[in-house]
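Have a look at the structure below before the remarks.
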Amino acid sequence: MTQRIINTPNAPAAVGAYNQGKQIGSFLQLSGQLAIDPATGAIMKAGIAEQTKQSLSQLSTLLADAGASWNDVLITRVYLASDDDFDEFDKAYSSSVPQPYPARVTVGAQLAPGALVEIDALAIVPA
């Protein structure tokens, strides 16, 4: 089965033993995206709405660089540092991700210091 690594300078570089994404056959898994400030390379010092929009923007870039779009996304997995942020997160998410929305899992999780949200995506694209 054909494999392809997604590694683009147009999105934050991996900071550990992982790739920005990997495609095997028609399955494209994109790694979780924290809201990285492109000017500093650090996690954005911003609220949940701004961090959500930045994480989704990074996923959009990775999708495009892999030859895919939000129409190809089957599911997103969302990790929130605080369940109290869900409503504001959901508003930012729904204004950034085009309909029909992919399936989604949203859970509370301990994230990197300063991170309020992390989002990954699984897409189905031609091999």
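The values are calculated or read from the model by the stated rules, or taken from the named source; none is laboratory data. Source: prediction; values computed, not measured. Cβ placement follows ideal geometry from the backbone for every residue including glycine, while neighbour counts extend to all protein chains displayed.
Check off (1) without any contact (Cβ under 8 Å) to a residue 60 or more places away in the chain; (2) over 13 Å from the mean Cα position of the chain (by Cα) for Pro113 and give me the number that stays unchecked.
(1)
Collect the residues in segment 91-103 that are surrounded by 15 or more Cβ atoms within 10 Å (Cβ to Cβ) and free of Cβ contacts under 8 Å to residues at least 40 places away in the same chain, keeping them in residue-number order. Step through it out loud before you land on a result.
In the first step, residues of segment 91-103 are kept if they are surrounded by 15 or more Cβ atoms within 10 Å (Cβ to Cβ); the result is 92-93, 96-97, 102.
Passing the criteria: only Pro102.
Here are some conditions: (1) in a helix (DSSP H, G or I); (2) touching a residue at least 40 places away in the same chain (Cβ under 8 Å); (3) buried (at least 18 other Cβ atoms within 10 Å of the Cβ). Glu88 meets all but one. Which one does it not meet?
Failing condition for Glu88: (3).
Find all pairs meeting these conditions: Cβ atoms under 6 angstrom apart; at least six residues apart or on different chains; first residue within segment 61-83 and over 16 Å from Leu116 (Cα atoms); second residue at pLDDT 95 or above and part of a helix (DSSP H, G or I).
If the second residue must be at pLDDT 95 or above and part of a helix (DSSP H, G or I), the pairs left are Ser69/Leu63.
Answer yes if at least one residue in segment 3-18 is surrounded by fewer than 13 Cβ atoms within 10 Å (Cβ to Cβ), touching a residue at least 40 places away in the same chain (Cβ under 8 Å) and part of a loop (DSSP other than H, G, I, E, B), and no otherwise.
Checked against the condition, which is being surrounded by fewer than 13 Cβ atoms within 10 Å (Cβ to Cβ), touching a residue at least 40 places away in the same chain (Cβ under 8 Å) and part of a loop (DSSP other than H, G, I, E, B), segment 3-18 yields at least one hit.
If you go through segment 47-58 one residue at a time, do you hit one that is over 20 Å from Thr8 (Cβ atoms), crowded, with 17+ Cβ neighbours inside 10 Å and within 13 Å of the chain's Cα centre (by Cα)?
Yes: segment 47-58 contains one or more residues that are over 20 Å from Thr8 (Cβ atoms), crowded, with 17+ Cβ neighbours inside 10 Å and within 13 Å of the chain's Cα centre (by Cα).
Do we find that Ile36 is out of contact with any Lys or Arg (no Cβ under 9 Å at 6 or more places or on another chain), under 17 Å from Tyr79 (Cβ atoms) and touching a residue at least 60 places away in the same chain (Cβ under 8 Å) in this structure? Let's see the steps before the verdict.
On the way: out of contact with any Lys or Arg (no Cβ under 9 Å at 6 or more places or on another chain): yes; under 17 Å from Tyr79 (Cβ atoms): yes; touching a residue at least 60 places away in the same chain (Cβ under 8 Å): no.
Considered against the rule, which asks whether it is out of contact with any Lys or Arg (no Cβ under 9 Å at 6 or more places or on another chain), under 17 Å from Tyr79 (Cβ atoms) and touching a residue at least 60 places away in the same chain (Cβ under 8 Å), Ile36 comes out as no.
Can you tell me which residue within segment 104-127, out of those that are closer than 19 Å to Gln58 by Cα and of a type in the set (Gly, Ala, Ser), is surrounded by the fewest Cβ atoms within 10 Å (Cβ to Cβ)?
Ala112
State yes or no: is Ala39 surrounded by 13 or more Cβ atoms within 10 Å (Cβ to Cβ), of a type in the set (A, V, I, L, M), part of a loop (DSSP other than H, G, I, E, B) and modelled with pLDDT under 95? Before the answer, list the steps.
Values: surrounded by 13 or more Cβ atoms within 10 Å (Cβ to Cβ): no; of a type in the set (A, V, I, L, M): yes; part of a loop (DSSP other than H, G, I, E, B): yes; modelled with pLDDT under 95: yes.
No; evaluated as a whole, the condition is false for this residue.
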